[in-house]
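The values are calculated or read from the model by the stated rules, or taken from the named source; none is laboratory data. Bear in mind the structure is a predicted one, so any value in this text is a computation, not a measurement. So basically every Cβ, Gly included, is an ideal-geometry build from the backbone, and we count neighbours across all protein chains shown. Heads up: the accessible areas ignore ligands, DNA and RNA and are worked out on the full protein's heavy atoms, side chains in. Shrake-Rupley method; radii C 1.70, N 1.55, O 1.52, S 1.80 Å.
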Amino acid sequence: MTTTLSIELLRTFHAVVRTGKFSAAAKLLHKSPAAVSIHIQRLEVVAGGQLLQRDNQSVMLTALGKKLLRSTAELLRSHDQILADLHGANLTGRIILGMPDEYAAQVIREILPPFSAAWPNVVMELKMGPSNELEEWIDRGKLDAAVVVQPKEKTSPDAQLLMSTTPVWVGPLNNTVALETPLPLAVYAAPCIYRKAITASLKASGRRSRIVLESHSSKAVQACVEAGLAVSLMDRGKVSGHMVILENMPTIPDHNIVFIRSAQSYGDEAVDLLSKALHQSFRL
């Protein structure tokens, strides 16, 4: 019998890798943790080996898992593009979308090109800003929709969950900088959700700190950490190969990446389709 790759199993695999936890992937996919485990087991049978190494805290990709992840990302995007093409491109409209800097590259590279190709008569306008500011713009009707980060316990009831994440402390490969007192930090300019989380956790732990870099740019924060000048906080999926995840650091609560929309955008078909495209991409 010919072996085939199931799109559903691949979606589950990508969700586990993106969230870093079976439980978080289960919530994202609206499945039970047992169902997620079964999906991974079935996919490992097809792949011919172990894809993930799992412990109580997180999962890590095996060499085979890394190969499958690279090989199937484009497959899933192509699959979704084909479905979009089948639904036609007659929709017209205009969307002003806001997003934080740290998610801009993913949205611009992975989501907007296939969305614009599927619905070329929908005009997109992008605005960047910290999550708190984007939420204010939504309330004032300056944006139609936005991707924002919210603390899990304070997530808006009308927000659409794109992904749950446990932010991690990161440092350079030579991570002795994490042992310094006061702790050197690279942070986003205020107001920033993760900066607030850093401040609260350090205050609760009683650890002193100093700011080495304050910037609106995720690239600047990343460069500062990789250069060995400071530590910072970011999503597990944003950790580069020149960083390490730091252990024994102050606890950071879970956060949600969500899609929010202005009151006037409800019922707007173009915004509805964008929300589906964003949800699909963050699930991968």
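Of everything in segment 257-278, what is open to solvent by 10 Å² or more (accessible area, probe 1.4 Å) and either in a helix (DSSP H, G or I) or in contact with a Pro (Cβ under 8 Å, 6 or more places away or on another chain) (or both)? Give them in sequence order.
Hits for segment 257-278 are Ala263, Gln264, Glu269, Asp272, Leu273, Ser275, Lys276, Ala277.
Starting from residues that are in contact with a helix residue (DSSP H, G or I) (Cβ under 8 Å, 6 or more places away or on another chain) and farther than 18 Å from Ser205 by Cβ, keep the ones in segment 238-253 and report whichever is most open to solvent (accessible area, probe 1.4 Å).
Across segment 238-253, the extreme among qualifying residues is His242.
Residue pairs, Cβ under 6 Å, 6 or more apart or interchain, first in segment 220-237 and surrounded by 17 or more Cβ atoms within 10 Å (Cβ to Cβ), second assigned to a helix (DSSP H, G or I). List them.
Ala230/Cys224; Val231/Ala178; Ser232/Val221; Ser232/Val225; Leu233/Tyr194; Leu233/Ile198
Name, by its number, the condition in (1) within 21 Å of the chain's Cα centre (by Cα); (2) modelled with pLDDT of 95 or more that does not hold for Val212.
The single condition Val212 does not satisfy is (1).
If a residue must be closer than 16 Å to Arg18 by Cα and surrounded by 14 or more Cβ atoms within 10 Å (Cβ to Cβ), how many such residues does segment 32-62 contain?
Result for segment 32-62: 12.
Name the one entry in Ser217, Ser205 that is surrounded by fewer than 16 Cβ atoms within 10 Å (Cβ to Cβ), of a type in the set (S, T, N, Q), farther than 14 Å from Met243 by Cα and out of contact with any helix residue (DSSP H, G or I) (no Cβ under 8 Å at 6 or more places or on another chain).
Of Ser217, Ser205, the one residue that is surrounded by fewer than 16 Cβ atoms within 10 Å (Cβ to Cβ), of a type in the set (S, T, N, Q), farther than 14 Å from Met243 by Cα and out of contact with any helix residue (DSSP H, G or I) (no Cβ under 8 Å at 6 or more places or on another chain) is Ser205.
Filter segment 145-197 down to the residues that are part of a strand (DSSP E or B) and polar (S, T, N, Q), then identify the one that is surrounded by the most Cβ atoms within 10 Å (Cβ to Cβ). Quick ask: steps written out before the conclusion?
Within segment 145-197, the subset part of a strand (DSSP E or B) is 145-151, 160-165, 168-172, 183-188.
Filter once more, so that each one left must be polar (S, T, N, Q): 150, 160, 164-165.
Details: Gln150: 19, Gln160: 16, Ser164: 20, Thr165: 23.
Among those residues, the one meeting the criterion is Thr165.
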